[in-house]
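Enquirer: Below you'll find the structure I mean.
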């Protein structure tokens with residue numbers, strides 16, 4: 001069963017949330033916006049949450065406000081970053097509340113992963129085919145979010161996020177629950193030999209303890225072209241980092257196949273908006 005379900009907030013913002021987590025971790029809010037329910041026009045219609053595309057900044061600001069309203073939080077509780085397809089992790093505290101909401105300049109700079117143990121702080125990342133990775137440590141009450149394109153995936157940002165949670169909060173990977181959200185799937189993500197070469201290097205690193213089956217991660221089309229499954233690559237990285245396979249939720253929703261719901265940088269030729277992924281722990285008095 002697809003673990004992410006689509007639902008609309010009262011203000012019309014449509015989002016996907018994780019079915020099992022809503023029951024298992026009711027103090028955590030986590031999910032992914034669709035492209036529906038905002039004010040942006042043209043190729044950015046309508047819930048574009050990214051300032052770095054050529055959309056109206058005023059419309060993006062209003063879309064982010066609408067998302068905050070849909071989540072029942074203030075924009076002062078939201079944190080955004082300038083993502084660079086790297087593997088740097090930010091430890092986010094209440095002092096970072098509101099960063100990046102209305103300006104790229106005051107966002108967390110050059111960060112693609114975020115962790116926090118503070119309730120009321122909602123971590124946000126931007127996506128349009130890359131893979132959103134979610135993490136919950138229910139024992140130490142900590143959460144994380146990471147942005148994994150092919151570059152972040154081969155840099156093992158999933159492992160870096162888990163390691164940061166271990167270092168900062170004492171998290172045990174076997175107790176962490178993770179989810180891999182909607183992204184471009186192996187059905188649509190064609191890459192060249194350069195990219196697959198980096199993927200193969202990462203898979204060799206992962207195979208030090210036990211082999212990783214290439215068939216689970218990519219398919220050779222011939223002619224130097226390959227179909228890549230970033231979701232499965234990140235799942236393998238999570239497992240090698242110590243997360244139990246039974247603790248990983250994996251979406252089957254492909255952003256390229258479903259542009260009626262999602263923005264797709266690949267499918268739409270680079271001129272499109274961005275979805276926002278979020279995760280945060282709800283303050284006790286707000287539950």
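Throughout, read-outs are computed from the coordinates displayed, never taken from laboratory work. Values in this document were obtained by computation on a predicted structure and should not be read as measured data. Note: ideal-geometry Cβ built from the backbone for every residue, glycine included; neighbour counts use all protein chains shown.
Enquirer: Rounded, prolate or oblate, given the Cα gyration tensor of the range 6-73, with a/c below 1.5 counting as rounded?
Expert: Numbers: a/c = 2.42, a/b = 2.25, b/c = 1.08.
Taking the square roots of the gyration eigenvalues as a ≥ b ≥ c, the range 6-73 is prolate.
Enquirer: Let me ask something else. Would you look at the GNM of the chain, springs on alpha carbons closer than 10 Å, and say which of 31, 50, 222 moves the most?
Expert: 222
Enquirer: Using only Cα positions of the chain, each an equal point scatterer, no hydration layer, compute I(q)/I(0) via Debye at q = 0.12 Å⁻¹ and quote the log10 values to two decimals.
Expert: Ignoring solvent entirely, the Cα scatterers give -0.69.
Enquirer: To continue, here is another question. Just want the ordering: 147, 247, 85, from fewest to most Cβ atoms lying within 10 Å of their own Cβ.
Expert: 85, 247, 147
Enquirer: For residue 6 and residue 204, what is the calculated FRET efficiency with R₀ set at 41 Å and r taken between the beta-carbons, to the nearest 0.05?
Expert: Efficiency for this residue pair is about 0.60.
Enquirer: May I pose another question? Gain in length, residue 163 to residue 283, computed as 0.36 nm per residue apart minus the alpha-carbon separation, to one decimal in nm?
Expert: This chain segment gains 40.7 nm when fully extended.
Enquirer: Among 181, 197, 100, which one shows the highest mean-square fluctuation when the chain is modelled as a Gaussian network with alpha-carbon springs under 10 Å?
Expert: With Cα springs under 10 Å in the chain, the top fluctuation among 181, 197, 100 is at 197.
Enquirer: Let me ask another. How much FRET efficiency would the formula 1/(1 + (r/R0)^6) give for residue 174 and residue 93, where r is the Cβ-Cβ distance and R0 is 35 Å, rounded to 0.05?
Expert: 0.85
Enquirer: Still on this structure: Alpha carbon centre of the range 143-210 versus the range 104-124: separation in Å?
Expert: The range 143-210 and the range 104-124 have Cα centres spaced 19 Å from each other.
Enquirer: Oh, and also: Can you give me the pair-distance distribution of the range 180-272, C-alpha pairs, 10 Å bins, whole percents?
Expert: 16, 42, 34, 8, 0
Enquirer: With the cut-off at 1.5 for a/c, could you classify the range 119-167 from its C-alpha gyration tensor as rounded, prolate or oblate?
Expert: oblate
Enquirer: Now, a different point. Counting other C-beta atoms within 10 Å, which of 254, 187 has the fewest, and how do the rest follow?
Expert: Fewest to most other Cβ atoms nearby, the residues stand as 187, 254.
Enquirer: What does the C-alpha gyration tensor say about the overall shape of the range 141-237? Classify as rounded when a/c is under 1.5, otherwise prolate if a/b is larger than b/c, or oblate. Show your work: numbers first, answer last.
Expert: Details: a/c = 2.46, a/b = 1.88, b/c = 1.31.
Prolate is the answer for the range 141-237, as a/c is 1.5 or above and a/b outweighs b/c.
Enquirer: Between 160, 83, 22, which gets the highest mean-square fluctuation from a Gaussian network model of the chain, Cα cutoff 10 Å?
Expert: Maximum among the listed residues: 22.
Enquirer: Taking only the alpha carbons of the range 43-85, what extent do you get along each of the three principal axes, in Å, biggest first?
Expert: 27, 24, 14
Enquirer: Sorting 36, 73 on the 10 Å Cβ count, fewest up front, what's the list? Can you show the working numbers first?
Expert: Values: 36 17, 73 21.
Ascending number of Cβ neighbours within 10 Å: 36, 73.
Enquirer: Once the range 20-158 is represented by equal point scatterers at the alpha-carbon sites, with solvent omitted, what log10 I(q)/I(0) does the Debye formula produce at q = 0.09, 0.11, 0.16 Å⁻¹?
Expert: -0.25, -0.38, -0.84
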